[in-house]
Amino acid sequence: MTAQELGKELANMYFTAKDGERVAMIHLFGIRFSKQILSNKISANEIIKYAKSPDGSIVNKSYFAEINKGVKLAKYVEEKID
C-alpha cells in the first residue's frame with residue numbers, strides 16, 4: 001500500500017469511529033497495517049499527511065506517536081473481531 005492509500009484508510013477508521021474510540025482506532029490502524037507500513041518504510045507522518053475526511057478535516061499531526069504505538073504492538077497482539 002502507498003502512503004496515500006494508508007492515509008485514506010486511517011481517515012476512514014478515525015472519522016467513522018464511535019465517540020471515545022478515535023485514539024483506539026489509530027492504535028488499531030497501526031496494528032492492522034503494520035506489515036505494510038514497515039515493509040514499505042512509510043512514516044506515520046507521511047500517512048497522516050494524507051489522512052483527510054471528505055469535508056477536509058485532518059487527523060491531528062501529533063497522532064503519529066499513536067500510529068507508531070500500534071505498529072510496535074502488532075507483534076504482540078492479534079486483532080479480535082466480534
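Please treat every number below as a calculation from the coordinates, not as lab data. Since the structure is predicted, the reported quantities are computational estimates derived from the model, not experimental observations. For neighbour counting, all protein chains shown are included, and Cβ atoms are generated from backbone atoms with ideal geometry for every residue, glycine included.
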| query | What stretch of the chain, leaving out the sites themselves, is the longest with no GluC sites (Glu not before Pro) in a DSSP loop having at most 16 other Cβ atoms within 10 Å? | reply | 22-77
| query | Which entries in LYS35/LYS72; LYS35/LYS61; LYS41/LYS69; LYS41/LYS72; LYS41/LYS80 show an alpha-carbon gap greater than 18 Å? | reply | LYS35/LYS61; LYS41/LYS80
| said: Residue by residue through the stretch 43-49, what is 3J(HN,Hα) from phi via Karplus (6.51 cos²θ - 1.76 cosθ + 1.60, θ = phi - 60°)? Round to whole Hz and write x for glycine and proline. | reply: 7, 4, 4, 5, 5, 4, 4
| Hey, what did the chain get for relative contact order, percent, Cα under 8 Å, at least 6 apart? | 40 percent
| message | Less than 12 Å Cβ to Cβ from VAL59, Lys/Arg counted +1 and Asp/Glu -1: what total charge do the surrounding residues give? | response | +3
| query | Considering only DSSP states other than H, G, I, E and B, which trypsin sites (Lys or Arg not before Pro) in the stretch 39-75 qualify as loop sites with at most 12 other Cβ atoms within 10 Å? | reply | LYS41, LYS75
| message | Apply the Karplus curve 6.51 cos²θ - 1.76 cosθ + 1.60, θ = phi - 60°, to the phi angles in the stretch 16-30 and return the couplings in whole Hz, x for Gly and Pro. | response | 9, 5, 5, 3, x, 10, 5, 5, 4, 5, 5, 4, 4, 4, x
| Over the stretch 3-73, one equal point on each Cα, no solvent: what is log10 I(q)/I(0) by the Debye formula at q = 0.16, 0.18, 0.22 Å⁻¹? | -0.44, -0.56, -0.85
| Karplus (6.51, -1.76, 1.60) ³J(HN,Hα), θ = phi - 60°, over the stretch 61-77, in Hz, Gly and Pro reported as x | 4, 5, 6, 4, 5, 6, 4, 4, 4, x, 4, 5, 5, 4, 6, 10, 10
| field | Computed label-point distance, nm, for sites ALA24 and LYS52 using a 7 Å Cα→Cβ extension | value | 3.0 nm
| query | In what order do LEU38, LEU6, LEU28 fall by count of nearby beta-carbon atoms within 10 Å, going from fewest to most? | reply | LEU38, LEU28, LEU6
| request: Compute the distance in nm between two label points, each set 7 Å from the Cα along the Cα-to-Cβ direction, one at GLN4 and one at ASN45. | output: 2.1 nm
| message | What aspartates and glutamates does LYS52 reach when the alpha-carbon gap must be under 16 Å and sequence neighbours fewer than 8 apart in one chain are set aside? | response | GLU5, GLU9
